[in-house]
1. How large, in percent, is the carbon and sulfur part of the accessible surface of segment 166-225 at a probe radius of 1.4 Å?
2. If I build a Gaussian network model for the chain, linking alpha-carbon pairs within less than 10 angstrom, which residue out of Leu13, Leu70, Leu31 has the largest mean-square fluctuation?
3. When the chain is modelled as a GNM with alpha-carbon springs shorter than 10 Å, which of Gly236, Gly212, Gly252 fluctuates the most?
4. Assuming R0 = 22 Å, can you tell me the calculated FRET efficiency for the pair Glu41 and Asp190, based on Cβ-Cβ distance, to the nearest 0.05?
5. Explain nothing, just compute: Karplus ³J(HN,Hα) = 6.51 cos²θ - 1.76 cosθ + 1.60, θ = phi - 60°, for every residue of segment 131-144 in order, whole Hz, x for Gly and Pro.
6. Could you tell me which of the pairs Lys110/Lys238; Lys235/Lys264; Lys193/Lys264; Lys216/Lys287; Lys210/Lys235; Lys117/Lys235 are separated by over 18 angstrom between their Cα atoms in the structure shown?
7. With the chain treated as a Gaussian network of Cα nodes joined by springs under 10 Å, which of Gln69, Gln80, Gln219 yields the largest mean-square fluctuation?
8. What does the accessible area per residue of the chain come to in Å², with a 1.4 Å probe and no ligands, DNA or RNA counted?
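The values are calculated or read from the model by the stated rules, or taken from the named source; none is laboratory data. Please read all numbers here as calculations on a predicted model, not as lab measurements. Neighbour counts are summed over all protein chains in view; Cβ atoms, including those assigned to glycine, are modelled from backbone coordinates with ideal geometry. Just the protein is used for accessible areas: all its heavy atoms, side chains included, with ligands, DNA and RNA removed. Shrake-Rupley method; radii C 1.70, N 1.55, O 1.52, S 1.80 Å.
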Amino acid sequence: MEHTTEKLVNTILESYKSYDLTSRIDEGNMLNKEIIIEILEKIRKILFPGFFDSSKVRSEYIKYIIGEQLEFVQYNLNKQISKALGSGDDSCSGCSKSRTSENAEEITYKFLESIPKIREYLYTDVQAAYDGDPAAYNTDEIIFSYPGVFAVTVYRIAHELHLLGVPMIPRIMTEHAHSITGIDIHPGADIGKYFFIDHGTGIVIGETTKIGDYVKIYQGVTLGALSTRQGQQLKGVKRHPTIEDNVTIYSGTTILGGDTVIGKGATIGGNAFIVNSVSAGIKVSVKNPELQFIGGNHEE
């Protein structure tokens, strides 16, 4: 048995040498996904004070509570950003460890400065969800339970880190939200205020998507690229559509292409497949397919 086990171990070790992309041995700059998710939850508590805390948040103690949470986020986010900056193809190979640490500290502080801005945008998102959903009991219900609001919250956090040039961490955050909600928003997407995702499952919003204000999207919508066959050669190219202000996109719709623009006030009906621009104010719908009833006692 020992001989068999040793042989298995040696075979696996050989695979580590052969397939080095899927192993990280003796490398110190590895991100901690669990810590990143914990940071995310702490930031959510700062963004929505009193909603996700284990005990009542009192006004006389709020300053100390936020200070403690900020201290946790600042310390741990700084460490993770420093690791992210020091690893991967985009790392600063010529930077010293101290320089990388200084960059991480500066980025972390700039991100923390953006929290009031994130809260401003989330306020509009929650309001849009309440205004747009007659089934909503109140805004508390929306913050606590709507998957779209959770996914958009994580996106807005990740987007600010993306704008600051942080590699990997923003994508880890949005993929965490994706795994929970089924809503896949790339942190590079540019999304305006009063954004409402209704129901949410199966939504994909690509990296170079641009979305204006007061946009409402239902489940199963894809805002994607026409083709990604060129792979890394397309990096930085606008591949995903632009959705202007006051657009509503119903369930099951696919809109593709970097040159595709959905004009202001347009309404896109369910199950549409769009690869060309739509003018402002236009209503697009798919003609109902003919139903066939075969067998049984159906009467026309």
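1. Working: 1040 of 1940 Å².
The computed percentage sits at 54.
2. Sorting by GNM fluctuation, first place goes to Leu13.
3. It is Gly236.
4. Result of the calculation: an efficiency of 0.30.
5. For segment 131-144, the Karplus curve yields 5, x, 10, x, 7, 6, 6, 7, 6, 4, 4, 5, 5, 5 Hz.
6. Checking Cα-Cα distances, Lys110/Lys238; Lys235/Lys264; Lys216/Lys287; Lys117/Lys235 exceed 18 Å.
7. Maximum among the listed residues: Gln69.
8. 60 Å²
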